[in-house]
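Here is the structure we will look at, set down as structure tokens.
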Ligand SMILES: Nc1ncnc2c1ncn2[C@@H]1O[C@H](COP(=O)(O)OP(=O)(O)OP(=O)(O)O)[C@@H](O)[C@H]1O
């Protein structure tokens, strides 16, 4: 399959000896949202800068939309849309003016441009405000216009650098819906960097966890969670049990492992939590140990992140 984005063994150090990228490789397929996750300083922005032709790697190779970023940066720029962390809007222009100017810069013809601008205003729910200057718009509206701006020339590859940072929950939900539609409806490849694990989990078909300038884990969110093998099972007992007895009882339940007691709480892992819980309940009840509450949770991306980046995720 031909890829929309390929990065192969990218390395880059900044003056002063900071090694920002240390052999980073990834690929993004057409029509796919690919998530790039990592702690501060992991190398995400440096990767995006190289792929969008704003920085050069010391070594390694990258292709975007079929063009080599070092040999044909101008071709790459024509094929991509970039939503940077810092807004690219002219605050004194109206929404329509911002979009129209962007389209002209990319050489979109007048009639087609008018239609495209109307369409984007409509899609991002900005038609009502289209002719007012952007400075007076809410943060969420400005962020939506930023994304619309990156789409005017119908790029095949879209780079979204933390698109929902600073948005309220409603704004985030609206942005997520639109990003999902873009990838599915326009078969656009989207490389998304995000600080939000739930955002990557929800939107990304595949994702890479970056740490220390390289990819330390990659796969679908499900595959990554699968690596942690099984569900987390928590039982809240009615009273603190006699631990040796409870341990003996629970040891006979098939499919439970890594059993731990903490006061009234019993935690374990299970390959199939839903299957193991009824047997555990029956065994405990028959030994006279009452159970007050049960939860079964799939491992979260938070757990995956902890394992690969070596620390808990702090958004
Ligand atoms: N222009 C620069 N000059 C010197 N060092 C830099 C420069 N840009 C980035 N770095 C360093 O390179 C490393 C990788 O930075 P990068 O911005 O790519 O990480 P990041 O994953 O995007 O982090 P964040 O989530 O904070 O944006 C960091 O140690 C950073 O301090």
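Residue under question is residue 103, and the condition is that it be touching a residue at least 24 places away in the same chain (Cβ under 8 Å), closer than 24 Å to residue 52 by Cβ and surrounded by fewer than 17 Cβ atoms within 10 Å (Cβ to Cβ); does it hold?
no
Could you check how many residues of the stretch 195-209 are within 13 Å of the ligand (Cβ to nearest atom) and in contact with a strand residue (DSSP E or B) (Cβ under 6 Å, 6 or more places away or on another chain)?
Of the residues in the stretch 195-209, 2 are within 13 Å of the ligand (Cβ to nearest atom) and in contact with a strand residue (DSSP E or B) (Cβ under 6 Å, 6 or more places away or on another chain).
Just name the residue that is farthest from the chain's Cα centre (by Cα) out of those in the stretch 86-100 that are more than 20 Å from residue 188 (Cβ to Cβ) and surrounded by fewer than 14 Cβ atoms within 10 Å (Cβ to Cβ).
92
Spot the failing condition for residue 38; the list is (1) away from the ligand (no atom under 14 Å from the Cβ); (2) at pLDDT below 95, and only one is missed.
Every listed condition holds for residue 38 apart from (1).
Checking residue 25 against (1) away from the ligand (no atom under 16 Å from the Cβ); (2) part of a strand (DSSP E or B): exactly one of these is not met. Which one?
Status for residue 25: all satisfied but (1).
What is the residue count in the stretch 117-170 for residues that are touching a residue at least 12 places away in the same chain (Cβ under 8 Å), surrounded by fewer than 17 Cβ atoms within 10 Å (Cβ to Cβ) and part of a loop (DSSP other than H, G, I, E, B)?
Matching residues across the stretch 117-170 total 7.
I'd like to verify a number: residues in the stretch 41-71 that are free of Cβ contacts under 8 Å to residues at least 60 places away in the same chain, touching a helix residue (DSSP H, G or I) at 6+ places or on another chain (Cβ under 6 Å), more than 10 Å from the ligand (Cβ to nearest atom) and part of a loop (DSSP other than H, G, I, E, B), how many?
Here the count works out to 3.
What's the number of the condition residue 208 fails, among (1) part of a helix (DSSP H, G or I); (2) surrounded by 15 or more Cβ atoms within 10 Å (Cβ to Cβ); (3) outside the structural domain of residue 274 (by TED's automatic domain parsing)?
All conditions pass for residue 208, except number (1).
If residue 240 satisfies all but one of (1) touching a residue at least 40 places away in the same chain (Cβ under 8 Å); (2) surrounded by fewer than 21 Cβ atoms within 10 Å (Cβ to Cβ), what's the number of the condition it fails?
The one condition residue 240 does not meet is (1).
Hey, can you tell me all the residues within the stretch 29-40 that are assigned to a strand (DSSP E or B) and touching a helix residue (DSSP H, G or I) at 6+ places or on another chain (Cβ under 9 Å)?
Listed by number, the residues that qualify are 33, 35, 36, 37.
For residue 51, indicate whether it is at pLDDT 95 or above, surrounded by fewer than 17 Cβ atoms within 10 Å (Cβ to Cβ), on the phi < 0 side of the Ramachandran plot and in the same structural domain as residue 196 (by TED's automatic domain parsing).
In short, no.
The values are calculated or read from the model by the stated rules, or taken from the named source; none is laboratory data. Keep in mind it's a predicted model, so treat the numbers as computed, not measured. Glycine gets a Cβ as well: all are built from the backbone with ideal geometry, and neighbour counts include every protein chain shown.
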